[in-house]
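The values are calculated or read from the model by the stated rules, or taken from the named source; none is laboratory data. Worth saying up front: this structure is predicted, and the values here are computed from it rather than measured. Glycine gets a Cβ as well: all are built from the backbone with ideal geometry, and neighbour counts include every protein chain shown. Heads up: the accessible areas ignore ligands, DNA and RNA and are worked out on the full protein's heavy atoms, side chains in. Shrake-Rupley method; radii C 1.70, N 1.55, O 1.52, S 1.80 Å.
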Amino acid sequence: MTTLLLDSEALSPSSHQIFTASHVDLNLPHPPGRFFRHGWQSWTLTAWLDPHEPPLPIRAPEFRAKDEDPPYAFHKNHVSAWVSAVEMAKDDILLLGALGLSGRIELAAHTLKGFYEDEGKGEWIVARGTEDEVFARYASLLEAKFGKTRFEKPPRVWCSWYSLYKWINEPILTKALHGLGNLPFDVFQIDDGWQDESGHWEAGKNFPAGMAAFAEKVKATGRTAGIWLSPFIVTPNLNIFHEHNDWILRDEGGNLVTAGRNWTGTTYALDVTRPDVLDWLDKLIRKVVGWGYGYLKLDFLYAGAAVGKRHTDMPREEAYRNALKVMREAAGDAYILACGAPIIPSLGLCDGIRIGPDVTPYWLNTPLTVWLNNPNDPATQNAIRTSLHRLWLKPLVHIDPDVLFFRRQWNALTPQESQLLQDLGTLTGFKATSDLPWWWTESEREKVREVLEAQPKVQRLNRYHYQIDGRVVDFSAAIPIPTSYMDFPVWLARNCGFLKIVRHQVIPALLAGQFTR
Ligand code: 9PG
């Protein structure tokens, strides 16, 4: 073990140093005003936090597996994945960043403690300067180490999830595809629901003509066909779960490792170091690309880096990156959007990456976010907060803040909240929506065209204020992290939250599907 002791005051403004060590202790002259916490995967909280407030664990275990970096879920101090920063004075930021795959940084009183989870040695950067300067410096080192997206411009995407959820079928998607007319969408992407189960990657009963036939329909409109897959997780009802039970990752005690819940129940993680699993992943991606899909949204990727005892013993994020590389090679020229993905280990192997939790057609689901202490939960406020703190990744990879809402129908966001999300889409340059075209009024449809075509001048004024073509946009409303110190029973919070999902997400989806069969 090599611990490097550094005194932050030895670093002059606008400078940086690079070191190799397994541990770095960066002593601060006084407790910082703010601490930048970077979440492990797409959905995990990323924000400037008040270091005096201790971390609050997510109260429901199924969300800890899905949303957090599980080994640190109950850590007494704040732990940041790969990079952290502290605010020592106004415009005087100190950043400590790892250039290796398993780097973590803990804030312990006056010390930033960097460590590699696998105890290995690795590179670190310490930088001092303005917020823009230090994050740009870190990003350029990451680019040199891991590479960047291969596509110049992010695609403009229609995605089926945030209107139809899993209730998709061939007729309704065909209607949506044709309803887009000549709006400038580059990709038409089918989300979760086309398959019968995650792990059995064949057209389900709602796509009787098969997935290749649907890709043909999309391509005939001049667009790229996109499809969703969660290649690293399987559900327990599947043949592969029973026939290849040894493919499932186990913990040290021999128990199967669950990868949290999705909309259909508990999922399990594959052991992605097994040659037979890698071969299966390779064939899966080649099959889907062979069907005609040129845009792959690969979701729940964190499961590839779950904690467990693997066939080949290696650090979990290295196992993840190797498996992603296999899929990258199998995908050829297809665009890969990584979702639910550990951020740094995905760089250079994906073209786009989701940088926040899912949006919803409402601001916050109070029972799920506030009562359960889960700022990673799907909700537009949570999505804006985390995505906004990851804009510094833009030079490396297309950053996807999730879809924008243009519809007023089936949308409980206020016009100001919808606009804020659209402005975030403009900042990232990654513009997508799930609105069903027949939900738009004529003027909403025109707004879609305008936003998709716009290339405004964007200027960062300060942390939460941007100027977009002369208009000042204030994101402050999304920044607070509301918490509750009341001990609501977890079952009650879950059920109340679920009611909100039914009211605003499930019912509109079911009604839309009902009339299109
Ligand atoms: C499809 C979706 C969409 C979405 C992804 C991911 O059960 N859950 O709490 C849960 C939360 C988020 C989630 C799925 C399930 O979202 O981010 O864009 O593709 O999967 O299932």
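In percent, how large is the relative contact order of region 105-218, given Cα pairs closer than 8 Å and 6 or more residues apart? Result for region 105-218 is 19 percent.
Averaging Cα coordinates gives a centre for region 422-437 and one for region 57-71; these two points are 28 Å apart. Counting protein heavy atoms only, the chain has 54 percent of its accessible area on carbon and sulfur, 1.4 angstrom probe. Taking all protein chains into account, the per residue accessible area for the chain stands at 38 Å² (1.4 Å probe). How large is the dipole of region 1-102 about the Cα centre if only Lys and Arg carry +1 and Asp and Glu carry -1, each at its Cβ, rounded to the nearest 20 debye? Roughly 280 debye, rounded to the nearest 20. Kirkwood hydrodynamic radius of the chain, from the reciprocal of the average inverse Cα-Cα distance over all distinct pairs: 23.4 Å.
The residues packed around residue 325, meaning those with a beta-carbon under 13 Å from its beta-carbon, carry a net charge of -2 if Lys and Arg are +1 and Asp and Glu are -1.
Relative contact order for region 33-178: 17 percent, from Cα pairs under 8 Å spaced at least 6 residues apart, divided by residue count. For the chain, the antiparallel share of DSSP beta bridges with both residues in that region comes to about 65%.
Restriction of the chymotrypsin sites (Phe, Trp or Tyr not before Pro) in region 475-517 to DSSP coil positions whose beta-carbon has at most 16 other beta-carbons within 10 angstrom yields 485, 515. Per-peptide packing, taken as the mean over residues of other Cβ atoms within 10 Å, places 432-444, 7-19 in the sequence 432-444, 7-19 from highest down. Among residues other than residue 213 whose Cβ falls under 14 Å from its Cβ, what is the net charge (Lys/Arg +1, Asp/Glu -1)? Its environment carries a net charge of -1.
With the largest listed first and rounded to whole Å, the semi-axes of the equivalent ellipsoid of region 1-159 from the Cα gyration tensor are 24, 21, 17.
In percent, what relative contact order does the chain have, based on Cα pairs under 8 Å that are 6 or more apart in sequence? Relative contact order of the chain: 15 percent.
Placing unit charges on the Cβ atoms of the charged side chains and taking the dipole of region 345-403 about its Cα centre, the candidate lying farthest along the positive direction among 393, 346, 369 is 393. Think of it as helices only: each DSSP H run of n ≥ 4 in the chain is worth -39500 (n - 2.57), and spread over all residues that comes to -8000 deg cm²/dmol at 222 nm. Decide, for region 349-487, between rounded, prolate and oblate: order the square roots of the alpha carbon gyration tensor eigenvalues as a ≥ b ≥ c, take rounded if a/c falls under 1.5, and otherwise choose prolate if a/b is larger than b/c, else oblate. In terms of gyration-tensor shape, oblate. Counting charges near residue 31 (Lys, Arg +1; Asp, Glu -1) among other residues having Cβ under 12 Å from its Cβ returns a value of -1. When only alpha carbons are used to place a centre, region 88-127 and region 290-334 end up 26 Å from one another.
The residue list 162, 182, 47 was ranked by how far each Cα lies along the charge dipole of the chain toward its positive end, using unit charges on Cβ atoms, and 182 comes out on top.
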